[in-house]
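Below: one structure, written as structure tokens.
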Amino acid sequence: MKTFIAAVVALLTATAASSHEWTPSYPQFKPSFMEGIAVTTMTIFNRRKDISYYEVSVLDEDWNPVPFASTRKLINVEYLERQNVEIYLREVDCDRVEYICTTSKILERDATSSGVDSRICSRV
Amino acid sequence: MFRIITAAAIIGLGAVVSQAESVPITGNVSSKCSIYTDVSGVYGNPTPDTLSTIPSDGGVYPVVRYAVTSADEFIAKVSWPNSFASAPSLTDSVVWDGEVTVSNTSDAGMSGYEAAKVEYENVTEYDLTVAGSTWFQVESTVEYGFGKALPGGQYSANVVAECIAK
């Protein structure tokens, strides 16, 4: 009986769980095809059913924003989808970049979804 | 005739079998932090001017799980809400309070997390020094005005769960 209850609890927990992944944890910038511009590729994996948008931010050690370019700063990532995101940065800014983060964005109409904003920051 | 048919069938089967190919599965284990929303929180309304996630008040604690694949590489920051994401129009002051606590761990080495946590404003920081999963539950209470009842409607507020590489 205890095993059965444990199995049901485990199943419910596994079904309810959803997550957000942002890798690599320690990215490195390398020269891009444009002179003076560095690039790194990050990967986002969305296992949150209640979220389909994530915002990318690039920050210095004091959490101030650093200018960057990407195909999208607000990424539409559907449930169980994995996407690569290229982050372009001026080479002069490479030394002051400390974090590259993604933050989940809850649509206003889904504000009652899970009540958790997740943010994962990789360190350069 | 039967021999010819049998031989043809064997050749046919051989051809089918020879079409089978091995399908590789590749994977990569690297340093990674995942944030899981295991339980969505619910506010109870124990008195007309209070909302609370405490179970004895009729609420449900939101539970967030952090899973890290490498020891000592990430910091978890969990913040209890200090504003509503959506609420009816409020005309009086709202007082927020909260508490974040470790509710479960996957490794005995994480037993010191609660004692070592750092709290400031509405943020609680944990140094994730052991690889594995840690569950955090978030208590959130809201008190409205002075002896005023909260207006009827839907209220929601968000916990912020951050995982930052060291």
Set A:Pro24, A:Pro31, A:Pro65: member being over 24 Å from B:Ser30 (Cα atoms) and either loosely packed, with under 13 Cβ neighbours inside 10 Å or touching a Ser or Thr at 6+ places or on another chain (Cβ under 9 Å) (or both): A:Pro65
Is it true that A:Ala17 is at pLDDT 90 or above and either surrounded by 15 or more Cβ atoms within 10 Å (Cβ to Cβ) or closer than 15 Å to B:Ile35 by Cβ (or both)? no
Would you mind finding the one in A:Asp95, A:Asp50 that is surrounded by fewer than 18 Cβ atoms within 10 Å (Cβ to Cβ), assigned to a loop (DSSP other than H, G, I, E, B) and within 14 Å of another protein chain (Cβ to nearest Cβ)? A:Asp50
Scan segment B:58-83 residue by residue and report those that are surrounded by fewer than 17 Cβ atoms within 10 Å (Cβ to Cβ) and in contact with a Pro (Cβ under 8 Å, 6 or more places away or on another chain). B:Gly58
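Go through A:Glu61, A:Glu55 for me and flag whichever is within 13 Å of the chain's Cα centre (by Cα), among the charged types (D, E, K, R) and at pLDDT 90 or above.
A:Glu55
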Give just the number: which of (1) outside any loop (DSSP other than H, G, I, E, B); (2) touching a Phe, Trp or Tyr at 6+ places or on another chain (Cβ under 9 Å); (3) free of Cβ contacts under 8 Å to residues at least 12 places away in the same chain; (4) among the small types (Gly, Ala, Ser) does B:Ser56 not satisfy? (2)
If you scan segment B:88-129, which residues turn out to be closer than 21 Å to B:Tyr61 by Cβ, surrounded by 12 or more Cβ atoms within 10 Å (Cβ to Cβ) and free of Cβ contacts under 8 Å to residues at least 24 places away in the same chain? B:Tyr113, B:Glu114, B:Lys117
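The values are calculated or read from the model by the stated rules, or taken from the named source; none is laboratory data. Because the structure is predicted, anything quoted here is derived from the model rather than measured. As a convention, Cβ positions derive from the backbone with ideal geometry for all residues, glycine included, and neighbour counts pool all protein chains shown.
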